[in-house]
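To start, the structure itself, in structure tokens.
The values are calculated or read from the model by the stated rules, or taken from the named source; none is laboratory data. All figures in this text were calculated on a predicted structure; none of them were measured in a lab. Note that we place each Cβ from the backbone using ideal geometry, even for glycine, and neighbour counts take in every protein chain shown. These area figures cover heavy atoms from the full protein model, side chains too; ligands, DNA and RNA do not enter into them. Shrake-Rupley method; radii C 1.70, N 1.55, O 1.52, S 1.80 Å.
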Amino acid sequence: MESKKEFFLECYKLGIIKFGRFTLKSGIESPFYVDLRPLASEPKILKHLANYLLEMLPLDNFDVICGVPYAALPMATAMSLESYIPLIIKRKEAKEYGTKKLIEGIYKSGQNCLLVEDVITSGKSLVETIAEVESEGLKVSDIVVVLDREQGGKQLLQEKGYHVHTLFSISEVVEILKEVDHLTEEEVLRINEFIAGNKIEFKEEKRLSYEQKLENCEHSVGKKILEIAIAKQSNLIASADVTTTKELLEFAEQVGPHIVALKTHIDIISDFDSDKTILPLKDLATKHNFLLMEDRKFGDIGNTQELQYRGGMYKISHWADLVTSHVIAGYQSIDCFMNSGVIAILSMSSKGALTDQNYRAEALKIVETHPNIIGCVAQNKVPANVLLFTPGVNISSKGDDKGQQYNTPEHVFKNLHTDFVIVGRGIYKAENVEKSAKLYKLESWNAYLKSL
Ligand code: 5BU
């Protein structure tokens with residue numbers, strides 16, 4: 001292979017770096033613009049590039065190789081072909097249907113994954129990709145980058161303990177271009193000044209603690225659930241999907257000390273009786289300091305919901321601290337829930353749910369503005385000030401045969417910044433219900449602490 005300098009000049013001919021005045025996404029004016037995508041259009045150059053990158057790396061360390069989408073995908077593919085390290089593909093967004101997989105290809109949890117990136121600036125996309133790759137159980141120790149713009153990203157990742165290997169840095173290529181008279185002294189000076197003064201601080205989006213959320217929370221029930229979480233060091237909601245009053249009360253007694261709320265589907269209780277079911281349940285809620293959450297999933301016009309909420313045989317408004325409701329009927333449909341905090345459903349945990357991005361964005365506007373709503377159920381991150389409730393949590397199962405999909409507490413706290421997990425069968429089907437409630441409480445609390 002030719003020298004690194006000659007190789008760079010070959011690449012440069014493809015127009016990968018332009019000099020002038022460019023306004024970046026951040027609004028900053030930059031004297032250069034980098035786009036390495038043309039490299040993939042020259043097979044010989046791509047192949048050489050792959051070998052240059054491989055040469056820098058301790059290859060025995062890696063089980064799989066993955067490019068940060070999209071520009072680095074052909075580079076990672078070429079590296080895989082040259083080294084026989086198997087390739088995996090990370091999606092930019094998890095598929096909304098089908099397998100919901102974030103990473104495609106063959107890999108096992110615990111394997112070490114080499115990450116490939118074309119250009120590193122602030123390090124933001126790498127930090128996000130690393131989190132996603134690690135959330136699939138893979139380890140990341142090394143990252144290889146074609147060009148370092150020298151704006152802070154490399155240091156950030158090194159401080160986090162990753163080995164970052166870069167083939168070229170911007171000051172190095174500016175030096176090469178000056179040597180071959182592509183840039184004047186003056187231009188070089190201007191570029192170096194820009195580099196020196198433009199370290200981009202990338203602030204990672206931090207989740208808020210329960211204490212911080214409590215400060216911002218206006219709704220009395222929202223406050224209450226946060227206070228209980230802090231007092232009991234628990235963020236666990238147990239779903240009591242049992243069908244008799246006896247089972248319900250026994251379950252509440254066993255899990256009560258470990259939960260912030262007990263979630264009911266009151267209409268599946270076959271022997272429901274206001275005095276025999278609700279009164280003792282309320283006593284248990286007081287005794288063990290937990291809230292009652294009726295998972296009614298309202299979804300009608302306001303007038304009908306009001307009748308369903310206040311009347312019928314269940315009189316939900318008399319006892320439920322929290323209710324779940326769709327917001328599909330619009331903002332005003334939520335006005336009727338005067339006595340309870342509403343948890344709005346943006347998207348459900350089941351496979352193939354129809355709530356697309358657009359629906360969720362519109363629903364989120366209602367969540368953020370309706371005074372009766374304290375939080376929401378969603379399968380993706382929501383703004384830090386919104387309380388996020390996550391059902392579909394199970395430590396030992398990936399799903400059932402009716403479309404339910406499970407994640408672990410670790411996954412949802414780390415990746416979604418969840419506030420409260422909702423666990424049904426993981427607890428009520430366990431051989432030892434109380435032991436299982438304790439386990440879920442501990443795992444979820446630790447996952448919360450880790451996500452801070
Ligand atoms: P599971 O046994 O952990 O799968 O029970 C989950 C509970 O949460 C069950 O009562 C569902 O009705 C409820 N749930 C859910 O699973 N997914 C959702 O999106 C919503 C509620 Br909203």
Using only the alpha-carbon atoms, how far is helix 220-232 inclined from the longest principal axis of the chain? Give it as 0 to 90 degrees, nearest 10. 80
Quick check: the angle from helix 43-55's long axis to the longest principal axis of the chain, C-alpha only, nearest 10 degrees? 80
With point charges of +1 on the Cβ of Lys and Arg and -1 on the Cβ of Asp and Glu, referenced to the Cα centre of the chain, which listed residue (LEU292, GLY341, VAL180) lies farthest in the positive direction of the dipole? LEU292
Where both residues lie in region 210-451, what percent of DSSP beta bridges are antiparallel, nearest 5? 5
Relative contact order of the chain, please, whole-number percent, based on alpha carbon pairs below 8 angstrom and at least 6 residues apart. 10
Could you check how much of the accessible area of the chain is carbon and sulfur, as a whole percent, using a 1.4 Å probe? 51
The summed charge of the ILE85 Cβ neighbourhood (under 13 Å; Lys/Arg +1, Asp/Glu -1) stands at -4
Under unit Cβ charges (Lys, Arg +1; Asp, Glu -1), what dipole magnitude, rounded to 20 debye, does the chain have relative to its Cα centre? 840
Defining a contact as two alpha carbons under 8 Å apart and six or more residues distant in sequence, what relative contact order in percent does region 360-405 show? 24
Determine the per residue accessible area of region 4-197 with all protein chains present and a 1.4 angstrom probe, expressed in square angstrom. 49
Can you give the angle from 0 to 90° between the axis of helix 124-135 and the longest principal axis of the chain, with both taken from C-alpha atoms, to the nearest 10? 50
Give the residue list of chymotrypsin sites (Phe, Trp or Tyr not before Pro) in region 47-152 that are DSSP loop and have at most 14 other beta-carbon atoms within 10 angstrom. TYR70, TYR84, TYR97
Compute the accessible area per residue over region 302-452, keeping the other protein chains in place, probe 1.4 Å, unit Å². 46
Determine, for each peptide in 413-420, 369-376, the mean count of other beta carbons within 10 angstrom over its residues, then list the peptides with the highest first. 413-420, 369-376
Sparsely packed trypsin sites (Lys or Arg not before Pro) within region 139-198, loop by DSSP, other Cβ within 10 Å at most 15: LYS160
Square roots of five times the Cα gyration tensor eigenvalues for region 210-451, Å: 23, 23, 18
Out of ILE88, LEU115, VAL164, whose Cα points farthest toward the positive end of the dipole of region 4-197 (charges: +1 Lys, Arg; -1 Asp, Glu; placed on Cβ)? ILE88
Over region 210-451, calculate the relative contact order: mean separation of alpha carbon pairs under 8 Å at least 6 apart, over the residue count, as a percent. 19
Which whole-angstrom value gives the distance between the alpha carbon centres of region 204-231 and region 112-187? 37
Considering only DSSP beta bridges where both residues belong to the chain, give the percentage that are antiparallel (nearest 5). 15
Checking a compactness column here: for the chain, what do you get for Rg(Cα) / (2.2 N^0.38 Å), N being the number of residues? 1.20
